[in-house]
Amino acid sequence: MQLSSAAAYSIIPIIRAKYGIRLSLRDYDELIKLKTVAEVVAYLKNRTHYSKVLKGISETSLHRGNLEKLINKNQLNEILRICRFEKTVGEHLFSYVVSQAEIEELLKFARFLAAGHPEDYILDASHAINSFSHIDFMKLASIHTFPEFFDFIRHTKFKTVLKDQVDDIQSLDFPRFEAALFRKLYSDTFKIINTEFPAAARTLLKSLFALKVELNDILLIYRAKRFYNLDPASINKLVTGIRYLLSEKMLKRMVNAESPDEILKILNSSKYKKFIRLYGFENPELFKNHVLQHQAERLIKISINPPVVMACFIILTEIEKENLTSLIEGVRYRLSQEEIKKMLVLTRKAGD
Amino acid sequence: MAVQSMKMVSITGDYSKLNDAVGACLDTGCFHPEHASKVMTNFTDFSLFAEENPFSERLQRISDFLDRIQKKPRIVGFQHMADKEADEKLNKFIKDLDNFEQQKSELKGLIQENRQAVAQLEHFYSLNIDLNKLLTSEFVKVRFGKLPVESYENIKNYTKNPYVLFFPYSKDQSYYWGMYVAPVSAIDEVDRIFNLLFFERTRLPKDFGTPEEVINSRKKALSKAEADLKALDENIKSYFAENEETIMQIYSYIARRNDEYEIKKYATKYKNYFMLVGWIPESEYSQFENALKQIDGIELDYDNPEQVKHLTPPTKLKNRGLFKYFEYFVEMYGVPNYHEIDPTAIVAITYTLLFGIMFADVGQGIILALVGLFMHKFKKMQLGRILIPCGIASTVFGFVFGSLFGFEHALDPLYHSLGLEGKPVEIMESATGIVVVSIGLGVVLIILAMLLSIISSIKQKNLANAIFGHNGIAGMVLYLSLLLVVGGSFMSLELPVGKIAFAGIVLPIILIFFKHPISDLIKYRKIQIHSVSDFFIENFFEMFEVLLSYLTNTLSFMRVGAFVLIHSGMMMAFFALAEMMGGGIGTAMMIVFGNVFVIALEGLLVGIQVLRLEFYEMFSRFYNGDGVLYKPVAVKAE
């Protein structure tokens, strides 16, 4: 990729301008005071950058799930708009975003299939992904068994994830399937970073994605210990093996840890210590987003590398999307304002 | 250019004559009331008029009513009527209006309902089923509405629930309009599924007939309702037009009665007598006296302002012709007090002059004058009247600088015919000279302001200020001496600097510094200084500010020259852009746009900057503007 063209660099102020209109602390403060999903829709529609995607949508008739779908659609469109502006930078990063959305769609179908009513998938299928993906997800509507599902996957770019899968089985090792899909995603992403981006951008991009993968691994190990009581051998099959702030030795110790508390202890002796001090580790999912937000916000402000700035923007829009999903859930289930606030990853922006 | 002389009149008489006296004051239209209690300083057992005004609420009611029928209130002379009669007539009109509005509201509702029904049904035009039968069926439920295009594609692949079927009747870019049907027992589940698919329901009217038939009948009903509404509007208009005179008579009666009560609040009652006090212009005294003489049992007395020093007479400005228009700017700053100089004429002359210099262009000046004329004649804007002389001044100075719509040499033939080589002043070649001349103009205007300050101080019998004030004689000597020393050094003049410094700078500074103690000594009063240290500190900083203000106020006039250069520079920039257009229509359009842009932007900026020079650099030296505006009582439509 040639980054010498002025157009490639002109994407930076555009991305920063887009980043500038993200939801502010004041918006979140107003949103968590609202009592119904309809009020949330009205606020987003009238006072935020979501007005475009919610235009013409009736506040009262919009279901929570549908609102989340629209927010997803908005996120994809926003990223696509940025990526299309400067194709030399955007094309490869957008393929990462699309692959991630495709994986989520496949996992969604797998859950419906595992639950015994695959027909219902079509009601929950993402409208947004169909416009960007080469995979025809509508075909999943006619699939009723795992072998049929595997056959479907074999005709997609994800065929390699099935190399260990036996065709005639009637169930799916879901964690392994999920881990294999994400391993494939990140291996493709790192391949693109190594081949398509210049050295200066490569280092920062790799560090950003490695941090994301490593945080996912930490979360996975923590959950496996806390909720599923998995043995180290099973956990080892799920982790990606890509390291950033943790050493191999530390990761091994975490996999072999006796309890979730021991994981926290190991993290406290690693380079994650400062993040634990800043954000706490009560909610590992939130911890992951806090750390990612911390790094992405820092880089989006100071980096002069278009691909890095764009990758940060992608990460930050994902976090905003997750924030809104948590907020909508909190409002829907009438949680208190404090409880909702605890579920959000918030940072101050100019004017707050 | 003056403040009109006033007389203070006192009207006394039997309390029963108060209404007549108030009526006469209203009729003359020149009485500016003053609280009588302020002159009854020797009496203690008088009372104020304390009756509640029963007409203020009536006035509000009729004003609201006039608003509702969109009529401007008008005074049609005072025709006496009983209060009850006025109330009854007003109530009847209000009731009639309520009825009309009720009918209008019903018709508007009907129109809205029919329009909505037609708009909704048009999406289902091709459906050939009786709507009433469909929507009132006992065993199946029908839902009409719109489904996003993507959801429609999803539904095609959904096979689990046999009732999840959507029948589209029309389509636009984002939605399919249609319906789904399900048995009563399954409708909740089907509704839930369609809800997940972003289906938005439309509630259709349960009319008899197919959508096409219902649309036709609704359209007919819509046309009829619209015609009825139009007829009703006409009816209302003619009804109130026929009764307009009666309504305005009621308004005039109520407004006058209300004003009478408002004036009575200024009166006092002593035993069985009343006293009403106010100001009238000296020139209208005989007319006022004649009007009051018609009432038996009242007495009229008058005093000059000097005899009632504790009261402030109101100010009525007396300016004629073009000068009168500039009262708008003077009133914006503050009305002069009765003993002050009216600065309107000074403002009129200096404002026009400065504006003309700063916005000098023959063509743009003419345009500005025409715009002013339009604003004055058709929009009744006060600012329009000021723009006319300003535009003319711009035209005059346009000839001096030789600019016509930015064409810097278009007027050359004119100058040649007058025996001149070219334009009198070439702006870009005389930039320094223009700035120096503008500072010189500033010096003249500041000295003029100081002279006015001296005259104003003498008029107000404040000799200390006239002689020792920083805008008085001492200040003027100081300012001129400073100019002489600074100017002399620039021009290398051989001046007796030591003598000038002592007599013209040090001595005036000492006099200004000790103005208050010297003033006390002249008046044979004890020197009033609370603290010597405070006195020196305060006066030191004040003196510093005074000296600084001489410098800043003078340099402030550089903006006059700066705007001459800016004007020329901006037009040059537009001409350069026009040249880049390569001739033809593009060039012409750019020149027209440039002229419009400069007239609008620079006209506004120059207008503000000149006003700033007037208010800050000049008014602050001689003018307080703390007077009370003369407001005679008269029945007016509000």
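The values are calculated or read from the model by the stated rules, or taken from the named source; none is laboratory data. Quantities reported herein were computed from a predicted structural model and do not represent experimental measurements. Backbone-built Cβ (ideal geometry, glycine too); neighbour counts: all protein chains shown.
In this entry, A:T189 is excluded by the filter for residues that are closer than 30 Å to A:P306 by Cβ, surrounded by fewer than 17 Cβ atoms within 10 Å (Cβ to Cβ) and away from chain B (no Cβ under 14 Å). Here A:A42 meets the list (1) buried (at least 17 other Cβ atoms within 10 Å of the Cβ); (2) of a type outside the set (D, E, K, R); (3) in a helix (DSSP H, G or I) almost entirely, failing just condition (1).
Residue-wise test of (1) more than 36 Å from the chain's Cα centre (by Cα); (2) within 30 Å of B:G209 (Cβ to Cβ); (3) surrounded by fewer than 14 Cβ atoms within 10 Å (Cβ to Cβ).
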position: B:P54; (1), (2), (3): no, no, yes
position: B:R58; (1), (2), (3): no, no, no
position: B:S63; (1), (2), (3): no, no, no
position: B:Q70; (1), (2), (3): no, no, yes
position: B:F78; (1), (2), (3): no, no, no
position: B:N91; (1), (2), (3): no, no, yes
position: B:Q103; (1), (2), (3): yes, yes, no
position: B:Q116; (1), (2), (3): yes, yes, no
position: B:Q120; (1), (2), (3): yes, yes, no
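For residues that are acidic (D, E) and more than 16 Å from B:F194 (Cα to Cα), scanning just region B:134-180, find the one that is nearest to the other protein chains (Cβ to nearest Cβ). Per the stated criteria, the residue is B:D172. Applying a threshold of 9 Å to beta carbon distances and a minimum spacing of six or more residues, or different chains, the list of pairs starting in region A:247-266 at a residue that is outside the structural domain of A:L220 (by TED's automatic domain parsing) and ending at one that is surrounded by fewer than 17 Cβ atoms within 10 Å (Cβ to Cβ) and part of a helix (DSSP H, G or I) is empty. Could you please let me know if A:A311 is touching a Cys at 6+ places or on another chain (Cβ under 6 Å), touching a residue at least 12 places away in the same chain (Cβ under 8 Å), part of a helix (DSSP H, G or I) and of a type in the set (A, V, I, L, M, F, W, C)? In short, no.
List the helices (runs of 4 or more DSSP H) inside region A:66-146, counting only whole elements, that have at least 3 residues being surrounded by fewer than 17 Cβ atoms within 10 Å (Cβ to Cβ) and more than 10 Å from every other protein chain (Cβ to nearest Cβ).
Values: elements: A:87-115, A:121-124, A:127-132.
Answer list for region A:66-146: A:87-115.
Identification of helices (runs of 4 or more DSSP H) wholly contained in region B:280-391 with 1 or more residues that are under 30 Å from B:G561 (Cα atoms) and of a type outside the set (G, A, S) yields B:321-325, B:327-333, B:344-358, B:362-378.
Within region A:76-83, one or more residues are within 30 Å of B:D191 (Cα to Cα) and in contact (Cβ under 8 Å) with a residue 40 or more places away in the chain. Quick check on region B:123-133: of everything there that is under 30 Å from A:A141 (Cβ atoms) and either within 8 Å of chain A (Cβ to nearest Cβ) or surrounded by 14 or more Cβ atoms within 10 Å (Cβ to Cβ) (or both), which residue is modelled with the lowest pLDDT? Ranking the candidates gives B:L127 first. Just one of the numbered conditions (1) more than 14 Å from chain B (Cβ to nearest Cβ); (2) buried (at least 20 other Cβ atoms within 10 Å of the Cβ); (3) not hydroxyl-bearing (S, T, Y) is not true of A:L62: (1).
Screening region B:184-203 for residues that are loosely packed, with under 15 Cβ neighbours inside 10 Å and in a loop (DSSP other than H, G, I, E, B) and picking the one that is nearest to the other protein chains (Cβ to nearest Cβ) gives B:R203.
Can you tell me how many residues in region A:251-281 are of a type in the set (A, V, I, L, M, F, W, C) and over 24 Å from the mean Cα position of the chain (by Cα)?
We begin by selecting, within region A:251-281, every residue of a type in the set (A, V, I, L, M, F, W, C); these are A:251, A:254-255, A:257, A:263-264, A:266-267, A:275-276, A:278, A:281.
Adding the requirement that they be over 24 Å from the mean Cα position of the chain (by Cα) leaves A:257, A:266.
Qualifying residue count for the region: 2.
Being over 23 Å from the mean Cα position of the chain (by Cα) and among the charged types (D, E, K, R), is that true of even one residue in region A:109-127? Within region A:109-127 (the criterion being over 23 Å from the mean Cα position of the chain (by Cα) and among the charged types (D, E, K, R)), the answer is yes, since at least one residue qualifies.
Filtering region A:314-348 down to residues that are part of a helix (DSSP H, G or I) and either touching a Pro at 6+ places or on another chain (Cβ under 7 Å) or of a type in the set (S, T, Y) (or both), which residue is surrounded by the fewest Cβ atoms within 10 Å (Cβ to Cβ)? Once the filter is applied, the top-ranked residue is A:T325.
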